[in-house]
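The structure appears right after this line, and notes come after that.
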Amino acid sequence: QVQFVESGGGLVQPGGSLRLSCAASGSMFSGYTMGWYRQAPGKQRELVARISSSKNTDYSDSVKGRFTISRDNARKTVYLQMDSLKPEDTAVYYCNYYVSPRAWGQGTQVTVSS
């Protein structure tokens, strides 16, 4: 059974950067497309970035050009580099499979505020 543990969130000023990490347990990682999702208060969870097993990437329009997703299959870890952060990026960030997400982890809180 796979579990995801997200880390790296925090409080950052507008224009700042953060790098999130998500470590996956279990064997189901390298062959799967992974996604970073976020959920802001009062809003539905949304996909912000995904990366395929061959490391092709795709981003939502709201983060394109500012966020970069990457993965290290040997470490079973997926990363999200977030630059030029905006207050509207404030949310809890989660990782999961892109297709058929499993149980969600606790996520990591990102707060962008001056």
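The values are calculated or read from the model by the stated rules, or taken from the named source; none is laboratory data. Since the model is a prediction, treat every value here as computed from it, not as a measurement. Every residue, glycine as well, gets a Cβ built from its backbone with ideal geometry; the counts of neighbours run over all protein chains shown. We work out accessible area using only protein heavy atoms, side chains counted, and drop any ligands, DNA or RNA first. Shrake-Rupley method; radii C 1.70, N 1.55, O 1.52, S 1.80 Å.
For SER21, state whether it is assigned to a loop (DSSP other than H, G, I, E, B), farther than 19 Å from PRO87 by Cβ and either open to solvent by 20 Å² or more (accessible area, probe 1.4 Å) or touching a helix residue (DSSP H, G or I) at 6+ places or on another chain (Cβ under 9 Å) (or both).
So SER21 does not fit the description; no.
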Going through the stretch 54-75 in order, the residues found to be open to solvent by less than 70 Å² (accessible area, probe 1.4 Å), part of a loop (DSSP other than H, G, I, E, B) and either touching a residue at least 24 places away in the same chain (Cβ under 8 Å) or among the basic types (Lys, Arg) (or both) are SER62, VAL63, ARG66, ASN73
Checked the stretch 24-36 for anything open to solvent by less than 50 Å² (accessible area, probe 1.4 Å) and either among the hydrophobic types (A, V, I, L, M, F, W, C) or touching a residue at least 60 places away in the same chain (Cβ under 8 Å) (or both); matches are ALA24, PHE29, THR33, MET34, GLY35, TRP36
Condition met for GLN109 (in a strand (DSSP E or B), more than 17 Å from MET34 (Cβ to Cβ), open to solvent by 50 Å² or more (accessible area, probe 1.4 Å) and in contact (Cβ under 8 Å) with a residue 40 or more places away in the chain): yes
